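Below is one structure, written out as structure tokens; the observations come after it.
The values are calculated or read from the model by the stated rules, or taken from the named source; none is laboratory data. None of the values given here were measured: they were computed from a predicted structure. Backbone-built Cβ (ideal geometry, glycine too); neighbour counts: all protein chains shown. Protein only, heavy atoms only, side chains kept; ligands, DNA and RNA dropped before computing areas. Shrake-Rupley method; radii C 1.70, N 1.55, O 1.52, S 1.80 Å.
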Amino acid sequence: QVQLVESGGGLVQAGGSLRLSCAASGRTFGSYAMGWFRQAPGKERECVAAISWDTTSTYYADSVKGRFTISRDKAENTVFLQMDSLKPEATAVYYCAATRVWLAVKPRQYEYWGQGTQVTVSS
């Protein structure tokens, strides 16, 4: 069993930065790949970034490449999403999730989800 709690969301102006954190509990956290998803009103949930359990592989959606960075601190059981050069279209609820699949990008491949944190980017 893995429990996930996101934090770090908020209101930021376009061009600004935010750093999201996802604190995980559970003894087997280190064996799970982790993903960050977002869902805007009226849109499907999409994967913006994912990282393998051993941090050797990462995935980024084309829309965030070069601006978002996913990382994990196994000692602290935490996953981060550094978001730079934010655009208004990044406004959404952001979720972290855990999966046993190597580097999953589809929501249905993930077993555990956090409650989400709101990110709002003003123009």
Enumerate the lysines that K74 could reach by cross-link, defined here as Cα to Cα under 28 Å, with residues fewer than 8 away along the same chain left out.
-> K65, K106
Hey, in the GNM for the chain with a 10 angstrom Cα cutoff, which one of R27, R19, R45 fluctuates hardest?
-> R27
V48's amide H: which non-local residues (gap 5+, or another chain) put their own amide H closer than 5 Å, with H modeled 1.01 Å from N in plane and none for Pro or chain starts?
-> W36, F37, R38
How long are the semi-axes of the ellipsoid equivalent to the stretch 1-68, from square roots of 5 times the Cα gyration tensor eigenvalues, in whole Å, largest first?
-> 23, 15, 13
Apply the Karplus parameterisation 6.51 cos²θ - 1.76 cosθ + 1.60, with θ equal to phi minus 60°, to every residue of the stretch 88-96 and state each ³J(HN,Hα) to the nearest whole Hz, in sequence, with x for glycine and proline.
-> x, 6, 7, 4, 4, 8, 9, 10, 9
In the chain the cysteines whose Cβ sits 4.7 Å or more from every other Cys Cβ are C47
Sulfur and carbon atoms: percent of accessible area, the stretch 14-123 [1.4 Å] | 49 percent
For the chain, what is the accessible area per residue in Å², given a 1.4 Å probe and the full set of protein chains?
-> 51 Å²
In Å², nearest 10: area of C47 left accessible to a 1.4 Å probe | 10 Å²
For the stretch 63-72, Karplus couplings with θ = phi - 60° (6.51, -1.76, 1.60), whole Hz, Gly/Pro x = 5, 10, 4, x, 10, 10, 9, 9, 8, 9
Kindly provide the pair-distance distribution of the chain built from C-alpha pairs, with 10 Å bins from 0 and whole-percent values in order of increasing distance.
-> 15, 51, 29, 5, 0
Which whole-Hz ³J(HN,Hα) couplings does the stretch 108-123 yield from phi under the Karplus relation 6.51 cos²θ - 1.76 cosθ + 1.60, θ = phi - 60°, glycine and proline marked x?
-> 5, 7, 9, 8, 10, 9, x, 7, x, 9, 7, 10, 10, 10, 8, 8
